[in-house]
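Colleague: I have a structure here, written as structure tokens, and I will follow up with some questions on it.
The values are calculated or read from the model by the stated rules, or taken from the named source; none is laboratory data. Computed from a prediction, not measured in an experiment: that's the story for all the values here. Note that each Cβ is placed from the backbone with ideal geometry, even for glycine, and that neighbours are counted across all protein chains shown.
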Amino acid sequence: MEEKEGLEHSRVVIDFDLCKGCGLCIKACPKGQLVRSTGLNVKGFRPAQFSDDGKCIGCAICFYACPEPAAIAVYKKGFVKDSKEGE
């Protein structure tokens, strides 16, 4: 059986089109890993963006601070994507 390699560090995935640009996740992040995007999404908002420099600790405070369901997903270090996901 092939062993799958997990994420080297935690990662935040933001759905740009669901984000309303309120900035609550940006303010809540203890490591400053979220910033406001320079571009606009389909709703005309400047969504949050993950800076991905390896400092994310996977605490998910951004997820809980976000008022928009499903706009943010947090994947902790070592996460391995299931081959059945995305089907």
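Colleague: When only residues in segment 70-86 that are of a type in the set (Gly, Ala, Ser) and in a loop (DSSP other than H, G, I, E, B) count, which is nearest to Lys27 (Cα to Cα)?
Modeller: Looking at the filtered set, the residue picked out is Ala71.
Colleague: Let me ask something else. Among the residues of segment 11-33, which ones are acidic (Asp, Glu) and without any contact (Cβ under 8 Å) to a residue 40 or more places away in the chain?
Modeller: Correct list: Asp17 only.
Colleague: Also, I was wondering about something else. Which residues, counting only those in segment 39-69, are of a type in the set (A, V, I, L, M, F, W, C), assigned to a loop (DSSP other than H, G, I, E, B) and either surrounded by 14 or more Cβ atoms within 10 Å (Cβ to Cβ) or touching a helix residue (DSSP H, G or I) at 6+ places or on another chain (Cβ under 9 Å) (or both)?
Modeller: Hits for segment 39-69 are Phe45, Cys56, Ile57, Cys59, Ala60, Cys66.
Colleague: Within segment 23-38, identify whether any single residue is surrounded by 14 or more Cβ atoms within 10 Å (Cβ to Cβ) and modelled with pLDDT under 95, and answer yes or no.
Modeller: no
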